[in-house]
Amino acid sequence: LAETATIEHAGDHHAGDLKPGDHGWTYTGLSNEKLAMWLFLGTECLLFGGLISTYILYKSRVPEGTGPAPHDLYDIPFTSVSSFVLLMSSLTMVLAVTAIARGDVRNTRVWLTTTAMLGGIFISGQVYEFTSFLKEGMGFTTNVASSAFFTLTGFHGVHVSLGILMLLSLLLLSFRGKLGPERAETVEIIGLYWHFVDVVWILIFTVVYLVP
Amino acid sequence: MAAPTTTDDHTGHAGAHTHPPDGHYIKIALALAALTAAETATYFVDIFEDNTALLLMVLMPIMIFKFGWVAYSFMHLGSDSRVFTRFFVTGIFLASMVYIIFLLTFDTFF
């Protein structure tokens with residue numbers, strides 16, 4: 001059996017030790033911030049569900065003579081590499097979460113920076129893809145399918161961009177000495193958002209790009 | 001005896017969970033990357049070209065498995081409070097039901 005060593009963090013409290021009025025006490029015994037993030041992610045399922053459904057509805061309803069449909073222009077090998085990059089960013093994000101939980105500030109910064117960079121590479125790929133589609137004659141208003149495609153992938157791109165801003169904010173906090181192990185939960189909550197963006201891309205990659 | 005592992009424990013609240021060692025996450029990421037490669041491979045295999053039903057039978061389980069694995073491991077749903085899982089699953093369930101009915105209304109599947 002593997003030996004395990006439990007690390008307790010500065011600022012941590014056992015739920016049972018806290019009483020109403022104590023700092024960190026919550027009615028549910030759960031972190032309110034984390035609960036709010038999960039509630040937010042639950043609502044985000046409805047947002048992306050709507051966007052993906054709209055794309056499915058319109059992808060095969062492109063009227064004749066209204067320009068190319070998105071699936072005529074996909075570059076699957078390129079998008080696969082983008083998907084791989086985003087998947088790896090989920091790994092680096094979880095490594096940042098474990099690093100901060102250990103109190104390893106140096107590795108936290110390394111993994112947060114790597115995650116932000118991988119997110120940046122993904123966004124660059126998306127900008128390149130959008131630009132190449134425009135050159136091929138498919139813009140936002142070319143047809144219903146292109147509108148649905150750009151809205152869906154654009155919304156996802158905005159989410160990734162917001163995630164990068166949050167990661168950079170964490171880095172800034174870290175370099176100012178305000179991101180110690182006692183704030184591990186903050187990194188974890190932003191990590192939840194980042195992983196959610198990744199799981200949404202798992203759906204988009206399969207449903208939008210791979211299914212004809 | 002196996003090599004000692006370090007487990008980090010967020011003990012701040014009842015929804016606390018432990019972190020497995022980094023190698024655990026790296027193995028999961030590599031497996032997920034392999035699944036992504038398998039998904040991409042379907043694009044190049046002729047057998048799927050004119051057989052959308054077969055393609056869906058291959059792609060959908062892989063997609064759901066990848067989604068679930070990231071949520072379970074990287075988002076710590078497997079070790080965190082069940083309340084978080086319920087929040088997330090409720091969102092997924094509501095979205096799935098609403099939009100499947102929406103797509104059926106417009107005869108998208110048939």
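The values are calculated or read from the model by the stated rules, or taken from the named source; none is laboratory data. All figures in this text were calculated on a predicted structure; none of them were measured in a lab. Quick reminder, even Gly has a Cβ in these numbers, built from the backbone with ideal geometry, and neighbours come from all protein chains shown. The accessibility values were calculated without ligands, DNA or RNA, using every heavy atom of the protein model including side chains. Shrake-Rupley method; radii C 1.70, N 1.55, O 1.52, S 1.80 Å.
Give A:136, A:129 a once-over and let me know the one that is of a type in the set (Asp, Glu), out of contact with any Cys (no Cβ under 9 Å at 6 or more places or on another chain), under 27 Å from residue B:43 (Cβ atoms) and open to solvent by 20 Å² or more (accessible area, probe 1.4 Å). Full working, then the answer.
Working: A:129 fails: open to solvent by 20 Å² or more (accessible area, probe 1.4 Å).
Going through A:136, A:129 in turn, just one is of a type in the set (Asp, Glu), out of contact with any Cys (no Cβ under 9 Å at 6 or more places or on another chain), under 27 Å from residue B:43 (Cβ atoms) and open to solvent by 20 Å² or more (accessible area, probe 1.4 Å): A:136.
From the residues in segment A:166-212 that are within 14 Å of chain B (Cβ to nearest Cβ) and of a type in the set (S, T, N, Q), which one is farthest from residue A:150 (Cα to Cα)?
A:186
Being farther than 23 Å from residue A:158 by Cα and either open to solvent by 20 Å² or more (accessible area, probe 1.4 Å) or in contact with a Phe, Trp or Tyr (Cβ under 9 Å, 6 or more places away or on another chain) (or both), is that true of even one residue in segment A:84-93? Before you say what the answer is, go through the steps one by one.
Within segment A:84-93, the subset farther than 23 Å from residue A:158 by Cα is none.
Scanning segment A:84-93, I find no residue that is farther than 23 Å from residue A:158 by Cα and either open to solvent by 20 Å² or more (accessible area, probe 1.4 Å) or in contact with a Phe, Trp or Tyr (Cβ under 9 Å, 6 or more places away or on another chain) (or both), so the answer is no.
Just the residues that are assigned to a helix (DSSP H, G or I) and surrounded by fewer than 17 Cβ atoms within 10 Å (Cβ to Cβ), please, taken from segment B:57-82.
Step one: filter segment B:57-82 for residues assigned to a helix (DSSP H, G or I), giving B:57-74, B:82.
Within segment B:57-82, B:57, B:60, B:61, B:64, B:65, B:68, B:72, B:82 qualify.
Quick check on my filter: what residues within segment A:27-47 are surrounded by 18 or more Cβ atoms within 10 Å (Cβ to Cβ) and not hydrophobic (A, V, I, L, M, F, W, C)?
Taking segment A:27-47 as the starting set, the residues that turn out to be surrounded by 18 or more Cβ atoms within 10 Å (Cβ to Cβ) are A:30-31, A:34-35, A:37-38, A:41-42, A:44-45.
Passing the criteria: A:31, A:34, A:42, A:44.
Among the numbered criteria (1) facing chain B (nearest Cβ under 9 Å); (2) within 27 Å of residue B:38 (Cα to Cα); (3) at pLDDT 95 or above, which single criterion is violated by residue A:44?
(2)
What number goes with the only condition from (1) part of a helix (DSSP H, G or I); (2) free of Cβ contacts under 8 Å to residues at least 60 places away in the same chain; (3) farther than 15 Å from residue A:153 by Cα that residue A:30 does not pass?
Condition not satisfied by residue A:30: (1).
With the checklist (1) open to solvent by 10 Å² or more (accessible area, probe 1.4 Å); (2) part of a helix (DSSP H, G or I); (3) in contact with a helix residue (DSSP H, G or I) (Cβ under 9 Å, 6 or more places away or on another chain) in hand, flag the one item residue A:141 doesn't pass.
The number of the failed condition is (2).
I'm trying to understand the selection: among the residues of segment A:48-60, which are at the interface with another protein chain (Cβ under 9 Å from one of its Cβ atoms) and among the basic types (Lys, Arg)?
none
Can you tell which of A:89, A:53 is part of a helix (DSSP H, G or I), touching a residue at least 60 places away in the same chain (Cβ under 8 Å) and among the polar types (S, T, N, Q)? Lay out the reasoning, then the answer.
Numbers: A:53 fails: touching a residue at least 60 places away in the same chain (Cβ under 8 Å).
Exactly one of A:89, A:53 is part of a helix (DSSP H, G or I), touching a residue at least 60 places away in the same chain (Cβ under 8 Å) and among the polar types (S, T, N, Q), namely A:89.
Restricting to segment B:14-56, count the residues that are open to solvent by 20 Å² or more (accessible area, probe 1.4 Å), under 17 Å from residue A:208 (Cα atoms) and within 8 Å of chain A (Cβ to nearest Cβ).
4
Of the residues A:96, A:69, which single one is within 11 Å of another protein chain (Cβ to nearest Cβ), open to solvent by less than 20 Å² (accessible area, probe 1.4 Å) and touching a residue at least 24 places away in the same chain (Cβ under 8 Å)? First the steps, then the outcome.
Details: A:69 fails: within 11 Å of another protein chain (Cβ to nearest Cβ).
Only one candidate passes the filter, namely A:96.
Please work out which residue is modelled with the lowest pLDDT, limiting yourself to segment A:144-169 and to residues that are β-branched (Val, Ile, Thr) and surrounded by 17 or more Cβ atoms within 10 Å (Cβ to Cβ). First the steps, then the outcome.
If we filter segment A:144-169 for residues that are β-branched (Val, Ile, Thr), which is where we start, we get A:144, A:151, A:153, A:158, A:160, A:164.
Then drop every residue that is not surrounded by 17 or more Cβ atoms within 10 Å (Cβ to Cβ), which leaves A:144, A:153, A:160, A:164.
Working: A:144: 94, A:153: 97, A:160: 98, A:164: 98.
My answer is A:144.
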